[in-house]
Amino acid sequence: VLYDMLKVALEENNADSFEELFSVFVDYVPSEADKLQVSGSRLLYQMVMKLLEEQKFAKANDLMMLIKDLKFHPDLEKPKSYYSLLEAAMAFNQQLPNFLGFMRIWRLSNLLPKHYQQYGENMSIAERAYWLVGQHLLMQKSQVPELVAAYVKQLDELLERAPRFHHVRKLVEKLR
């Protein structure tokens, strides 16, 4: 019933109702209900994309933060829509008021091996995600020096595993 109500809120483009329903949805969906998790995260992604298209960035960001409480089946890969939210956040990183907050919740450790694959000279999804977080931290370097230092340490470890991430290497130099 709750899932159907979410679908109606999506169809009616009622972001406030959707947000309220989704926050209840994540509390009641058990982690074993993998099909319901997949469907719910797909609806969340669709609503976020509608809001981004309408340039309602703050509301889209608020909805993106709701993935924090969504529990996924521990033995299954997270749904495609979960990773699609990352790509949407990366595409709209300048417009989202709390991009770093979303990235903290999403967790870069959730990146899959396929996200590290590079095609030609283009950055891989993983490199771009780390780079964007670093760019946002660079803008706040003086306000959060401890966070920047911790992130530089994380990037150093990343570069040991993925030395081909040249953009990240240049960013580390700026963050130091």
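The values are calculated or read from the model by the stated rules, or taken from the named source; none is laboratory data. What you are looking at is a predicted structure, and each value in this text was computed from that prediction instead of being measured. Every residue, glycine as well, gets a Cβ built from its backbone with ideal geometry; the counts of neighbours run over all protein chains shown.
Here are a few things to note about the model shown:
- Across segment 112-136, the qualifying residues are those that are on the phi < 0 side of the Ramachandran plot, surrounded by fewer than 18 Cβ atoms within 10 Å (Cβ to Cβ) and assigned to a loop (DSSP other than H, G, I, E, B), and the one among them that is nearest to the chain's Cα centre (by Cα) is L112.
- For beta carbons closer than 8 Å, sequence separation of 6+ or different chains, a first residue in segment 66-78 that is touching a residue at least 24 places away in the same chain (Cβ under 8 Å) and farther than 13 Å from E32 by Cα and a second that is part of a helix (DSSP H, G or I) and among the acidic types (D, E), the qualifying pairs are L66/E19; D69/D27.
- The listed residues are K7, K35, K50, and the only one of them that is within 18 Å of the chain's Cα centre (by Cα) and either closer than 30 Å to M123 by Cβ or of a type in the set (D, E, K, R) (or both) turns out to be K50.
- For first residues located in segment 96-108 and without any contact (Cβ under 8 Å) to a residue 60 or more places away in the chain, partners that are in a helix (DSSP H, G or I) and polar (S, T, N, Q) and lie 6+ apart or on another chain with Cβ distances below 9 Å form the pairs L96/N61; P97/N61; N98/N61; F99/N61; G101/N61; F102/N61; L108/Q154.
- All conditions but one from (1) closer than 24 Å to W131 by Cβ; (2) modelled with pLDDT of 95 or more; (3) among the hydrophobic types (A, V, I, L, M, F, W, C) apply to M47; the one that does not is (1).
- Looking only at segment 10-27, and only at residues there that are loosely packed, with under 12 Cβ neighbours inside 10 Å and within 22 Å of the chain's Cα centre (by Cα), the one that is nearest to K56 (Cα to Cα): D16
- Condition met for F92 (crowded, with 20+ Cβ neighbours inside 10 Å and either of a type in the set (A, V, I, L, M, F, W, C) or touching a residue at least 40 places away in the same chain (Cβ under 8 Å) (or both)): no
- Screening the candidates L159, L138, L171, L147 for the property of being in contact (Cβ under 8 Å) with a residue 40 or more places away in the chain and touching a helix residue (DSSP H, G or I) at 6+ places or on another chain (Cβ under 8 Å) yields one hit, L171.
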